[in-house]
Every structure is written in C-alpha cells, then in structure tokens.
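**Q** Quick one: this structure, given as structure tokens, is what I'll be asking you about.
Laboratory data are not the source of any read-out in this text; all were calculated from the coordinates shown. This structure is a prediction, so every number in the text was calculated from the model and none was measured. Every residue, glycine among them, receives a Cβ derived from its backbone with ideal geometry; neighbour counts consider all protein chains shown.
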Amino acid sequence: MTINPDIVTLTYAEQGLIWLRTNITDIAGGIAVLVIGLFIGSVIARWVLRGLSNSSSMDISIARIIAKVVKYAIWAVVFLTVLAQFGVETTSIIAALGGAALAVGLALQGTLSNVASGVMIMTQRPFRVGEAIMVGGITAQVEEIGLFTTKLKQFDGLFVMMPNNEIWNQPITNYTRNPVRRFELVVGIGYDDSMKEARDALLALAHADERVLDDPEPAAFVASLDDSSVGIGLRVWCKTDDYLALSWDLTEAAKATFDEKGISIPFPQRVVTTMAA
C-alpha cells in the first residue's frame, strides 16, 4: 500500500478518503484472505478432530487439543499474511512473539510439565477412567483425566487430585487393566499336621469354586517353613472382576475347612529356657 506525498497538506479525513480509494483493492483482498483463511482453518480443524476421533488408539482429549493447535496455527499464518499484505513488517512481530513464548514457557514450566505429562498419559493410556490404580502410595479409582491434573477416588470415599507430572514420573500399577489375575493364599499349619492333607483340602476348595479358572490350573504347595508353622500356599487364577470376592471367600473357607478336618493353625510360639544360678 502507498500514500501519495502530494496529499499531506489535506486534512486527516481527506487524506483518509484518498488513501481508502487508492488502496480499496488491497483492503478488500486482505479482508477476503482473512475471512477465507479463518473459515478454512476452522474447517480443517473439524476434519482433523473427526478423523482422530474415529481412531480407537486416540484419546478424545488429545484429538481436541491437536485440532485446536491446527486451527490456531492456520489462523496465525493467515493473520501474518494479511499484515504483510498491508505493509506491516512481520519479521519483528514473529521475533517478539517467539521471545514472549519463551518467557511464558520459562515462567510456566511447572504447569507446562503437567500438560506434557497429561498428554503422555492420554496418549500412552497407562490407565483409563473407571480403572483402579496405585500410584505414589495411593490406591484409588480414576474419575477424570485432565491436562493438568487427574482426579481419583479412594476406596474409602476420599477425593484425591494429583498433578499429572507426579503421576507420570512414578511407577503406575493398574489393577483392572488385564482381564485375569492371580490370587495367592498362604495358611500356616502345625508341624505335626499333614502337609498333603492341607494341600488337598485347599485344592478341593479351589476346584469347587466356579470363579477359579482351569487354565492356568490351581496349585497348592509348601510355601515356607516358619518358626511355629508350615506355610501351605494356594495359587489360583480368576477374572479380575471376581478377584476381591474370591479372595475373601477362599480365605474364610480355608479356615473353616481346616477346623473341620482338625488341621491346626497355630499361634506363634517361643520357647524360653532359663538356667538356674
């Protein structure tokens, strides 16, 4: 765009009208580029969101973030193009924006770290909403996964909100991700009791329970030789949904069965020998 030096003696209003008539084509073109560019950016962002949402491996939150980044990136290019068309030097603007972005990044590095961790959690999916996990010594059910924090509900009903950075930088145990789990029960019996009879009794309990899977098959074994008892172990596999109830029922049934068969579960004992003076 240009300004005629011969009109500088006119009033500002007259100069403006002359400038408008002289550059009306460039102004119309700039407005057209702006409107069309903003529209195209929005359309492409919707396409990206729709395409990513149809992918089973892409979390919807990540898809929305990517779509917004694409839209704003296109809009930024459009604005810079329009400014260049109006004669504005865009190089200095880009440099200023870069410096501002760097300053903001340094000031918000903790927050950005949570955002990056949130993106990794949504991408890698170590857990999903509704799953039971243990992280940082906390065992809870996942209620919501956000960009900055993850909301958890402990099994005693307490609410926990953890920064994503703390979650991502620690080992995560997911209790409900795999469809089957192994349960192990160890019961101590007396040294005078029959180890074979105790193993057979535990195996009979496992085979009688429909929730116990046949593959892998249950196993009973001598787990330990302790000070006051012999540890008899039982390992069974079950569906993850049945794990908690099965563990309760087998533990109770083992005690009742051993009582019925006369197999003792001894208390810890200590023999003290004193020497006469």
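**Q** Give me, ordered by chain and number, the residues 5 or more places off Ala223 or on other chains with an amide H under 5 Å from its own placed amide H.
**A** Distant-sequence amide H within range of Ala223: Gly231, Ile232, Gly233.
**Q** At a 10 Å Cβ-Cβ cut-off, how would you order Lys151, Lys261, Lys71, fewest neighbours first?
**A** Details: Lys151 16, Lys261 13, Lys71 20.
The most exposed by this proxy come first: Lys261, Lys151, Lys71.
**Q** Here's a follow-up. Semi-axes of the equivalent ellipsoid for the range 126-174, please: Cα gyration tensor eigenvalues, times 5, square-rooted, ordered largest first, whole Å.
**A** After diagonalising the Cα gyration tensor, the semi-axes are 14, 12, 10 Å.
**Q** Using 0.36 nm per residue of separation minus the Cα-Cα distance, give me the extension gain between Leu244 and Glu144 in nm, one decimal.
**A** Gain on extension, Leu244 to Glu144, equals 33.6 nm.
**Q** Would you grab the residues whose amide H sits under 5 Å from the one on Val180? Only those 5+ places off in sequence or on another chain, please, with H modelled 1.01 Å from N.
**A** Excluding prolines and chain starts, which carry no amide H, the hits are Thr240.
**Q** Using a Cα-Cα cut-off of under 13 Å, which aspartates and glutamates could be cross-linked to Lys151, ignoring same-chain neighbours fewer than 8 residues away?
**A** Glu131, Glu143, Glu166
**Q** Taking R0 as 51 Å, what FRET efficiency do you get between Glu166 and Ser194 from their Cβ-Cβ distance, rounded to the nearest 0.05?
**A** Numbers: r = 51 Å, r/R0 = 1.00.
E between Glu166 and Ser194, to the nearest 0.05, is 0.50.
**Q** In nm, to one decimal, how far is the Asp209 label point from the Thr274 one, both placed 7 Å along Cα→Cβ?
**A** Those two pseudo-labels are separated by 4.6 nm.
**Q** While we're looking at this one, here's another question. If you take the alpha carbon radius of gyration of the range 169-277 and divide it by 2.2 N^0.38 Å, what ratio comes out, to two decimals? List each step's numbers first, then the result.
**A** Details: Rg = 17.4 Å, N = 109, 2.2 N^0.38 = 13.1 Å.
So the Cα radius of gyration is 1.33 times the expected 2.2 N^0.38 Å.
**Q** In addition: In what sequence do Asp192, Asp241 fall when counting other Cβ within 10 Å, fewest first? Each step should come with its number before you reach the end.
**A** Details: Asp192 8, Asp241 13.
The fewest-first ordering by Cβ neighbours comes to Asp192, Asp241.
**Q** Which of Trp248, Trp237 has the fewest other C-beta atoms within 10 Å, and how do the rest follow up to the most? Intermediate values should be presented prior to the final figure.
**A** Working: Trp248 10, Trp237 19.
Lowest to highest Cβ neighbour count: Trp248, Trp237.
**Q** Using 7 Å Cα-to-Cβ label points, what is the Met120/Val186 separation (nm, one decimal)?
**A** In this crude label model, Met120 to Val186 measures out at 3.5 nm.
**Q** List the chymotrypsin sites (Phe, Trp or Tyr not before Pro) in the range 158-198 that DSSP assigns to loop (not H, G, I, E or B) and whose Cβ has at most 15 other Cβ atoms within 10 Å. Which are they? Don't skip to the answer; put the middle values down first.
**A** Details: sites: Phe159, Trp168, Tyr175, Phe183, Tyr191; in loops: Tyr175, Tyr191.
Sparse-neighbourhood loop chymotrypsin sites (Phe, Trp or Tyr not before Pro): Tyr191.
**Q** Check cross-link reach from Lys261 to the lysines: straight Cα distance under 24 Å, and skip same-chain residues fewer than eight apart.
**A** Lys196
**Q** A further question follows. 5 Å is the cut-off here: which amide hydrogens, built 1.01 Å from N in the peptide plane, fall below it relative to Ser264, excluding neighbours closer than 5 in sequence?
**A** Residues meeting the criterion, in which the H sits 1.01 Å from N, are Gly190.
**Q** Could you tell me the calculated FRET efficiency between Ala256 and Asn174, based on Cβ-Cβ distance and R0 = 41 angstrom, to the nearest 0.05?
**A** Details: r = 33 Å, r/R0 = 0.81.
So the FRET efficiency works out to roughly 0.80.
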